[in-house]
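Worksheet for the structure shown next.
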Amino acid sequence: MNQRFLIDYDNPDAGIGHSMGIINRALKIASRNQLEFAYSEDQLRKSTHDSRQWSLKHILRTLRGKKPDESHNIGDDLNRMLNPKNLLLNRQEIEARIQAGQLKVISLPKFEIHIPSNEQMDDEIYTSIDRFIAAHPEPNTAFKISDNRFGDYEYQSTRNWYIDAYAKAREQYPIHLGYDRSQFNIAIHIRRGDLLPGRQFSDLSSRMLPDAWYLAILTAVASSTNRPIAVHIFSEGKGGQYHSEKGLPCSWKDLLKGSHYEVTEHIDSNFLESFHHLLHADILIGSKSGMSHLAGMLGDQIKVMPEMWHSYRGASKLLLVGNTISASDASAISTHIKAHLLDQT
């Protein structure tokens, strides 16, 4: 039997977007070259605030005079989110066969996948890898991805795999959905936490969209329906308190005071529960983040998302908008919402 496999050990202790990009890269290489991807849960296991590994890393960086890293506090949530071990070959079984001399390991040449990915063409990105694998047609081979820092954030060709994985994972790890379906549930994901002053990525604060941006979109969305509206804010703040793009504590209940919306803030909430609610809202208003990007790619809800450095090719019911919302943008948002609501009736 011509058994040929793919193994990968690259696992940066990174956020959702970067972590999923590493797995996405392996899925594409395996699919394009008829290889079986051998997966280990270590590939999506991340640090938490109280993990020994992260604490040691934190101490060592401090002793070296470096700015301490922050844990994304994801832990094993990405494994529970997709449960890849139930869909993919177990890497330990392949490693045992390698140690027994039954499989030959061939390291793939290093290659680069650059951001932004909006114009990414997979046939160009993976040509050198495809040719290398084709040049080694021998059976009983395990191709190993060479350690590198490049993930793949273009999900058009792998979207159905992720959707299927997520649906099957919920059978084993069900998540309660707290929406009242008699209301029109609007989920707003606002990236703050790691970009706020004093946080690890504060130098990337330009990625934060102002509260006014979300308010303008919310106004346009709300004008498109007569149903009672429930607004759900999902964000990482400080100490359970939401913060504006200026780093000031505030409340969306105050920002929306006088409206008829029911407002619920989910600040520093569990990742899996937050992500599940982003996927199943009636409308998702997203941010410039890997979490929003993944939810926007996989969900079938109506979406209004900011243009960012990753492509949304293959996503459904999507409208991309810029960093400012003009009158024409508001009109386009309203038209987008009404059109898809009409499709649902």
Checklist line | Selection status of Gly17, of a type outside the set (S, T, N, Q), touching a helix residue (DSSP H, G or I) at 6+ places or on another chain (Cβ under 6 Å) and part of a helix (DSSP H, G or I) | finding: yes
Check: Just one of the numbered conditions (1) outside any helix (DSSP H, G or I); (2) of a type outside the set (Gly, Ala, Ser); (3) under 19 Å from Ile7 (Cα atoms) is not true of Gln120; which one?
Finding: (3)
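Matching residues to (1) modelled with pLDDT under 95; (2) in the same structural domain as Ser223 (by TED's automatic domain parsing); (3) in contact with a Leu (Cβ under 7 Å, 6 or more places away or on another chain):
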{"position": "Ser289", "(1), (2), (3)": "yes, yes, no"}
{"position": "Leu298", "(1), (2), (3)": "no, yes, yes"}
{"position": "Met308", "(1), (2), (3)": "yes, yes, no"}
{"position": "Ser311", "(1), (2), (3)": "yes, yes, no"}
{"position": "Ser316", "(1), (2), (3)": "no, yes, no"}
{"position": "Leu319", "(1), (2), (3)": "no, yes, no"}
{"position": "Ser331", "(1), (2), (3)": "no, yes, no"}
Check: Only one of (1) surrounded by 12 or more Cβ atoms within 10 Å (Cβ to Cβ); (2) among the small types (Gly, Ala, Ser); (3) closer than 18 Å to Ile29 by Cβ is not met by Ala96, so which one is it?
Finding: (3)
Note to self: I'd like the full set of residues that are buried (at least 16 other Cβ atoms within 10 Å of the Cβ), over 19 Å from the mean Cα position of the chain (by Cα) and modelled with pLDDT under 95, limited to segment 99-121.
What the structure shows: Phe111
Next item on the list: Please enumerate the residues belonging to segment 25-41 that are surrounded by fewer than 22 Cβ atoms within 10 Å (Cβ to Cβ) and more than 21 Å from Pro137 (Cα to Cα).
Entry: Ser40, Glu41
Check: Among the residues of segment 133-151, is any in contact (Cβ under 8 Å) with a residue 12 or more places away in the chain, within 30 Å of Ile267 (Cα to Cα) and crowded, with 16+ Cβ neighbours inside 10 Å?
Finding: yes
Next item on the list: Any residue in segment 107-132 that's free of Cβ contacts under 8 Å to residues at least 24 places away in the same chain: show its pairings with residues that are of a type outside the set (A, V, I, L, M) at Cβ separation under 7 Å, as long as the two are six or more apart or on different chains.
Entry: Ser128/Pro109; Ser128/Phe111
Check: Restricting attention to segment 1-47, and to residues there that are under 17 Å from Leu108 (Cβ atoms) and among the basic types (Lys, Arg), which single residue is nearest to the chain's Cα centre (by Cα)?
Finding: Arg25
Notebook entry, point to check: Which of the residues belonging to segment 166-210 are in a helix (DSSP H, G or I), surrounded by fewer than 20 Cβ atoms within 10 Å (Cβ to Cβ) and at pLDDT 95 or above?
Noted result: Tyr166, Ala167, Lys168, Arg170, Glu171
Item checked: Criterion: in contact (Cβ under 8 Å) with a residue 40 or more places away in the chain and more than 24 Å from Ser274 (Cα to Cα) - qualifying residue of Ile337, Ile325 -> Ile325
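The values are calculated or read from the model by the stated rules, or taken from the named source; none is laboratory data. Keep in mind that this is a model prediction, so the values were computed, not measured. Backbone-built Cβ (ideal geometry, glycine too); neighbour counts: all protein chains shown.
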